[in-house]
Amino acid sequence: MSNIFNSSAYNEARKRAEDLLKKMTLAEKTGQLSQFGTSIYSDDEQTFSDHFAEGKVGSYLTIKGASHTNSIQRDLLKATRLPIPAFFADDVIHGYRTTFPTPLAQSCSWNPEVTRKTCEISAKEAYRAGIKWTFSPMVDIARDPRWGRIMEGYGEDTYLCSRFSEAAVKGYQGDGEKMEKDHIYACMKHYIAYGACIGGRDYNTSDLSLQTLHDVYLPPFKAGIDAGAATVMASFQDVNGVPSTGNKYLLTDVLRGQLGFNGFVVSDAGGVVELIPHGFAEDLKDAVRLAFDAGCDMIMAGDPYNDFLPKLIEEGKITTEQLDRAVLSVLTLKFLCGLMDEPLVDEEGEDCFFCDEHMTAARTAAEECAVLLENNGILPLTPENYKGKRVALVGSLAGYDGKVHLLGGWSCLSDHNHTVSIEEGLRKALSDCEIVYSRGCGITAADNDNITIAEAVKASAECDVIIAVVGEEAGMSGEANSRSDLTLTGNQHELIESLIATGKPVVLLVASGRPLVLTPYKDKVAAMMLIWQMGSAVGDAVANILAGTVSPSGHLTTSMPVCTGQVPIYYNHTNTGRPALGRWPFESKYRDCQIAPLYPFGYGMSYTTFSFENITVSDNKMAKDGKLTITLTVRNTGNFGGASVVQLYVRDLVGSCVRPVKELKGFEKVFLKSGECKSVTLTLSASDMAFHNFNMEKVIEAGKCKLWISQSSDDEAFEFDFEII
Ligand code: BGC
């Protein structure tokens, strides 16, 4: 795949970086590897200018805005001996100012183009604000929804996450070989297996087999690297006992050696210092030695590299070659993106924030992310059917609170004044209905909940249909927001039960950063839809779906648990010798809960129906260097336009290591008008069946396999046997 690293522009940038490197002092070199936060600037002006003068600053995080970054850049260029501009970096996770659905929500679109587009717009807005580098995408596989950071990634599946990983990198950096204006560098994080933290508790240790590490957690990084990802962030936690930040095997042998990464690695904030409490480094100097020697090129937030690398070089513990490799990497990327030639940004460019084009993109992205879980036919509430009817809208997230919380965690510099609330969206989309809004209750318990719930119930009982919006506040997911209980918080359960008790049909909308336990409501509501945290255009997107202008087309990218005790739960697990088949008591199961999730990975309803017709597989034998071609016709057999997601799953039936019961290996989203059909071709390569055996050799083993062409991971309507020969 062509990318920024294999281009003549890169070679030229590298050449210029080499020339510059020759002129640099040791202090200037370590400065290029040091990133600072705002505190240096605001807390201590003296330290800040000393740092400038000594060339100790290579990058900043959290400083943003065209005039702000320009003024700091100007000061820095004036004060330094060698005028090397700083990289301004930021966590642009799902939008800079215009806010898009959370990455987890975006993955439910099963349309990587959604993410390419949202990242492209995010890059443009960030670039206009002086940012040249984002700490995104997060491509951590997350199999445990207790982990709050599940909202930042693309779900539980390796193949799907890999497709979104490359889409995000291309969105941020552009698809060309050069970094054009309005594009910024991506940073894939958190390398690696951060999502495997035990118990879903953030920052906790990860302990997993090397096979799982290589087959499940590494491929999304590989996909982003092939797409040209410029940087990678080391994760905080330890993997099998060695903290990622100081793990030479992972940061050098695997990342650079096996995956072919050519950019630079940045630590996470405090990741180097934390090697001490980990019990891995004796003191800060030792921590710097371990991290830098492992391959962690830049330190986020702080001076330790400036303070200790020169001494470590003098003592021969770090070599000049190691230092120069890291500095060259940073300088090359500074040249490549044009920063060295044009260090300042145009201060007139910020008028694109929240512009119509970006808000429309936010709405269309959001419309593809909602996952319809249940519908007894009540949805859509078409204006024709609901004209003149009374619609109760209940829940704090449907009103003003939703303007803030439905932006989701990590919403950077969003502005809730630009969020369209669900109430606002619905009043527009169902303008012929009477919308009766009541708050019901908040997300956390309040003293007057019994009064406000009673008011909501009274108002709702006089309506024809109830739309209730429940879920999480933005701050309940994201970093350091693990939860031990995935049921609804506060008095939301009581609110829903009371609304159901009115006998009026309830449409439940669940807005959260993570999958929640929705078991009590599944069979009692008329419809249930996950709307996640959809960003600035949430209200319009939700209203368009409810009113039937758009058919929901999202599918789950995480299994939805029946209860918290079921997690971690993921569809692509291996079999045990005693799978839960219900044949006798001694099976791998729970005595108080089913083994299957409430809703499986890949599941999602539409307002229309699809049939997969004339499915053909090119052969029932596949050579170890061969491939199978699967063709089918997808037909929209219902009365609405909509999108079907064709999913290709495989199982290797017998292996030298037990293989997952199912693995996604291909998918395609197909948009079809009512009655329309399209032909779809999917390819399964033998290399898709490769895995690491017990000796850590990557193998494709001969033997019997199955494939399924499905609408969900539990759909086995089309099953095909084939053999690898
Ligand atoms: C997070 C990173 C983030 C960094 C900078 C850390 O605490 O783990 O994901 O990029 O902060 O804000």
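The table that follows gives values for the structure above.
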{"item": "Hits in the range 252-283 - residues which are open to solvent by less than 10 Å² (accessible area, probe 1.4 Å) and assigned to a helix (DSSP H, G or I)", "result": "VAL254, LEU255, LEU275"}
{"item": "Condition met for ASP540 (under 29 Å from ASP449 (Cβ atoms), of a type in the set (D, E, K, R) and open to solvent by 10 Å² or more (accessible area, probe 1.4 Å))", "result": "no"}
{"item": "Failed item, numbered, when TYR590 is tested on (1) exposed (fewer than 13 other Cβ atoms within 10 Å of the Cβ); (2) modelled with pLDDT of 95 or more; (3) farther than 26 Å from LYS522 by Cβ", "result": "(3)"}
{"item": "Which listed residue, of LYS504, LYS589, LYS522, is closer than 22 Å to GLY155 by Cβ and among the basic types (Lys, Arg)", "result": "LYS522"}
{"item": "Test: residue in the range 677-694 that is within 18 Å of THR609 (Cβ to Cβ) and either under 27 Å from the mean Cα position of the chain (by Cα) or open to solvent by less than 20 Å² (accessible area, probe 1.4 Å) (or both)", "result": "yes"}
{"item": "Residue match in the range 61-83 (condition: small (Gly, Ala, Ser), within 16 Å of the ligand (Cβ to nearest atom) and modelled with pLDDT of 95 or more)", "result": "no"}
{"item": "Evaluation of GLN211 against (1) in contact with a Cys (Cβ under 9 Å, 6 or more places away or on another chain); (2) within 16 Å of the ligand (Cβ to nearest atom); (3) not aliphatic (A, V, I, L, M) (one fails), failing number", "result": "(2)"}
{"item": "Single condition GLU342 does not satisfy, out of (1) at pLDDT 95 or above; (2) under 25 Å from PRO137 (Cβ atoms)", "result": "(2)"}
{"item": "The listed residue being open to solvent by 40 Å² or more (accessible area, probe 1.4 Å), under 30 Å from SER67 (Cα atoms) and either part of a helix (DSSP H, G or I) or within 16 Å of the ligand (Cβ to nearest atom) (or both), out of GLU350, GLU342, GLU321", "result": "GLU350"}
{"item": "Where a residue in the range 467-493 is in the same structural domain as HIS416 (by TED's automatic domain parsing) and its partner, wherever it lies, is more than 16 Å from the ligand (Cβ to nearest atom) and of a type in the set (Asp, Glu), with Cβ under 8 Å and at least six apart", "result": "GLU473/ASP401; THR489/GLU472; GLY490/ASP449; ASN491/ASP449"}
{"item": "Yes/no for LEU333 being in a helix (DSSP H, G or I), in contact (Cβ under 8 Å) with a residue 60 or more places away in the chain, open to solvent by less than 10 Å² (accessible area, probe 1.4 Å) and assigned by TED's automatic domain parsing to the domain that holds TYR191", "result": "yes"}
{"item": "Residue ID - farthest from the ligand (Cβ to nearest atom), chosen from residues in the range 226-238 that are open to solvent by 10 Å² or more (accessible area, probe 1.4 Å) and not in a loop (DSSP other than H, G, I, E, B)", "result": "ASP226"}
{"item": "Matching residues, the range 298-318, being open to solvent by less than 30 Å² (accessible area, probe 1.4 Å) and of a type outside the set (A, V, I, L, M)", "result": "GLY302, PRO304, TYR305, ASN306"}
{"item": "Positions within the range 433-489 being open to solvent by 40 Å² or more (accessible area, probe 1.4 Å) and among the β-branched types (Val, Ile, Thr), in sequence order", "result": "THR444, ILE451, THR487"}
{"item": "Residue satisfying all of: in the range 214-225; within 16 Å of the ligand (Cβ to nearest atom) and closer than 17 Å to PHE264 by Cα; surrounded by the fewest Cβ atoms within 10 Å (Cβ to Cβ) among these", "result": "PHE221"}
{"item": "Residue ID - farthest from the ligand (Cβ to nearest atom), chosen from residues in the range 96-143 that are over 30 Å from ASP346 (Cα atoms) and open to solvent by 10 Å² or more (accessible area, probe 1.4 Å)", "result": "ASN111"}
{"item": "The one condition in (1) in contact with a strand residue (DSSP E or B) (Cβ under 8 Å, 6 or more places away or on another chain); (2) within 29 Å of ALA596 (Cβ to Cβ) that ASP714 fails to fulfil", "result": "(1)"}
{"item": "Per-region count, the range 268-318, residues among the hydrophobic types (A, V, I, L, M, F, W, C) and either within 16 Å of the ligand (Cβ to nearest atom) or modelled with pLDDT under 95 (or both)", "result": "10"}
{"item": "Residue count, the range 374-417 (criterion: in contact with a His (Cβ under 8 Å, 6 or more places away or on another chain) and part of a helix (DSSP H, G or I))", "result": "3"}
{"item": "Of all residues in the range 152-207 being outside any strand (DSSP E or B) and of a type in the set (Phe, Trp, Tyr), the one that is most open to solvent (accessible area, probe 1.4 Å)", "result": "TYR203"}
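The values are calculated or read from the model by the stated rules, or taken from the named source; none is laboratory data. Predicted model only: the values in this text are computed from it and were never measured. When we count neighbours, we look across all protein chains shown, and the Cβ atoms used for this are built from the backbone with ideal geometry, even at glycine. To get the accessible areas, we keep the full protein, side chains included, count just its heavy atoms, and leave off ligands, DNA and RNA. Shrake-Rupley method; radii C 1.70, N 1.55, O 1.52, S 1.80 Å.
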